[in-house]
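Novice: To start, I am sharing the structure in question, which I have written as structure tokens.
The values are calculated or read from the model by the stated rules, or taken from the named source; none is laboratory data. No experiment lies behind these values; they were computed from the predicted model shown. All Cβ positions, even for glycine, are placed from backbone atoms using ideal geometry, and neighbour counts span all protein chains on display. For the accessible areas, the whole protein counts, side chains as well, though only heavy atoms, and no ligand, DNA or RNA atoms are used. Shrake-Rupley method; radii C 1.70, N 1.55, O 1.52, S 1.80 Å.
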There are 2 protein chains.
Amino acid sequence: MADSPENFADTIESLKSLGLTKYEALVYIALLKVEGASATEIHEISGVPRASVYPVLDRLVQKSLVTVSHSTPRRYNAAPPDEGIERLLRDIREGADRAREALIAIYEKRSGPDRGSQELIWSIHGDENIRTRIADLALHATESIVAVSSFPFLKRSLLPLLEKTGPDMSVVIITDHWEGKTRDSVTVRLLPAAIHNAKPLSMRDTAGMFIFDQKKALVLMGPEKGPLTALYSESPGFISFFLRYFTFIEEIAGDAP
Amino acid sequence: MADSPENFADTIESLKSLGLTKYEALVYIALLKVEGASATEIHEISGVPRASVYPVLDRLVQKSLVTVSHSTPRRYNAAPPDEGIERLLRDIREGADRAREALIAIYEKRSGPDRGSQELIWSIHGDENIRTRIADLALHATESIVAVSSFPFLKRSLLPLLEKTGPDMSVVIITDHWEGKTRDSVTVRLLPAAIHNAKPLSMRDTAGMFIFDQKKALVLMGPEKGPLTALYSESPGFISFFLRYFTFIEEIAGDAP
DNA sequence: TAAATGTTGTTATAACAACAACAACAAGTG
DNA sequence: CACTTGTTGTTGTTGTTATAACAACATTTA
């Protein structure tokens, strides 16, 4: 568990993310090991300088992570880990809830020139961020979705969402292979295997193209290795380029079995 | 919402607890107000020095709170508050979960002299910490609980737990007044009103005494105002003192209606 | 078209705050 | 008296804030 140096360092870092200083974390952990320890014992177990242990303990008592017996020498007990962590986390969670409300209020009255959105090309980094954006776009699409992507990526990004799209939605998917059933409104085309790896937008897991309502496009352009990257734009030029590319791909794709 | 200075400061502090620096928080909030802002605009809205905005934005992009369009000038968009807060909070929560497991492993192999626990008197501060301790003690008690306390405090500390105690548990409660039904194993006695305010352990909300299994005692000794404080001990001397005090109180208490 | 001006992006430096680390001393205890 | 405990002050380190300066680029002006 926390025996190895990496795990121990991770525990310290996590406690610091929860608002403790390094010394506070070390002292709390030391106290979890021994019941009723004195400041000198805590110093010996934790490695925190003895003179520093006192103010650290005072702060931990203030944070209700430690209880004190005013004996001579003073002795201290740690709150059990469940309680301790929950206490720290709850404060942060409550603050986060308040911040979320405040920020939503700000976000909802965004103002100023709706500038650049429709002409700019945005970089999105990370598999999860990209999938979140795809999900958002799919759920807000009203007329059509076209997608060119590998089946694995489709499976973990777009496909689960097709259950939730409206009945008037037209969906066309071009992919490298297909499993499972499709709804009537979903058309699936297969690219011949020879085409997969011969084009810029090959069917490797890290490439793909999604167009929503013929107005919003997201293109996976990640490197073969490393974090996934996508470009997103509502620029008519960008859209029209990829719509043409899609039309070309569609002509050489075959029906799915 | 975040319009008033106190709320704004609270939002900043909460974002800082979530791991952002002050500048990062200010920039993120500014970006929530305007879509597609340039660095200079962010500087104007947020008050963060223009030269500092750039590295701050880089870090926010790294944290996936902001997306960038590599236009000239570069333009930035904020992730919606829901997503942003959740992203920050999730990292902390996951770290907290790992830390909890690691700390429980440590706590469960506590070693060393079981020193002082049975002889020391421990200070517990705060209403909630005290009630948590009372709950823990009540749930682990196997034979008897005796309590002298005001009804309001009993109602929010011990009474909800009596539903969960074992059938062989003997419970005796002395209080200032009583409402509701009692289980057969619970004996309630009432102190005459004249006694309430004439003793050190008066029936004000901030005073009380709880003894579990005749081995563990918790005494509320809080000031009239300010945070509640309690002493807890398993010291035989401490226990016997309060058991004698309890016996005296019991002799002058009358049956509850 | 060239020069002047303004904007953008980057880097370096100084100041500040908080924490870590250490030294020293007084008070209390055995 | 020696040792332990508790407290305080100082120094060093780190990260953030705040500012200055400069180069490169873009736009405007003559």
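Novice: Of the numbered conditions (1) within 12 Å of chain B (Cβ to nearest Cβ); (2) more than 16 Å from A:ASN77 (Cβ to Cβ), A:ILE29 satisfies every one except a single condition; which is it?
Specialist: Every condition holds for A:ILE29 apart from (2).
Novice: Separate question: Go through (1) modelled with pLDDT of 95 or more; (2) within 13 Å of DNA strand C (Cβ to nearest atom) and name the single condition B:VAL61 misses.
Specialist: Result: B:VAL61 fails condition (1) only.
Novice: Is it fair to say A:ARG50 is more than 13 Å from chain B (Cβ to nearest Cβ) and open to solvent by 30 Å² or more (accessible area, probe 1.4 Å)?
Specialist: When the stated conditions are applied, A:ARG50 passes them.
Novice: Right, something else. Filter the range A:33-43 for residues that are surrounded by 15 or more Cβ atoms within 10 Å (Cβ to Cβ), in a helix (DSSP H, G or I) and either within 10 Å of DNA strand D (Cβ to nearest atom) or among the hydroxyl-bearing types (Ser, Thr, Tyr) (or both) and give the result. Give the derivation first.
Specialist: Here is the first cut: in the range A:33-43, the ones surrounded by 15 or more Cβ atoms within 10 Å (Cβ to Cβ) are A:33-39, A:41-43.
Narrowing the set further to residues that are in a helix (DSSP H, G or I) leaves A:33, A:39, A:41-43.
Hits for the range A:33-43 are A:ALA39, A:GLU41, A:ILE42, A:HIS43.
Novice: Something else: Just checking, how many residues over the range B:152-194 are surrounded by 15 or more Cβ atoms within 10 Å (Cβ to Cβ) and modelled with pLDDT under 75?
Specialist: 1
Novice: Another one. Looking at the range B:100-116, can you tell me whether even one residue there is in a helix (DSSP H, G or I), outside the structural domain of B:GLU234 (by TED's automatic domain parsing), small (Gly, Ala, Ser) and away from DNA strand C (no atom under 16 Å from the Cβ)?
Specialist: Yes, there is a match, as at least one residue in the range B:100-116 is in a helix (DSSP H, G or I), outside the structural domain of B:GLU234 (by TED's automatic domain parsing), small (Gly, Ala, Ser) and away from DNA strand C (no atom under 16 Å from the Cβ).
Novice: Taking B:ILE104 as meeting all but one of (1) open to solvent by less than 10 Å² (accessible area, probe 1.4 Å); (2) over 18 Å from the mean Cα position of the chain (by Cα), write down the number of the exception.
Specialist: The failed condition is (1).
Novice: State yes or no: is A:LEU26 of a type in the set (A, V, I, L, M, F, W, C), away from DNA strand C (no atom under 12 Å from the Cβ) and modelled with pLDDT of 90 or more?
Specialist: no
Novice: Any idea which residue in the range A:73-95 is nearest to the chain's Cα centre (by Cα), counting only those that are under 17 Å from A:HIS43 (Cβ atoms) and assigned to a loop (DSSP other than H, G, I, E, B)? Spell out the reasoning first.
Specialist: So the first thing to find is which residues in the range A:73-95 are under 17 Å from A:HIS43 (Cβ atoms), and the list is A:73-78.
Add one more test, that the residue is assigned to a loop (DSSP other than H, G, I, E, B), and what stays is A:73-74.
Working: A:PRO73: 48, A:ARG74: 45 Å.
So the residue we want is A:ARG74.
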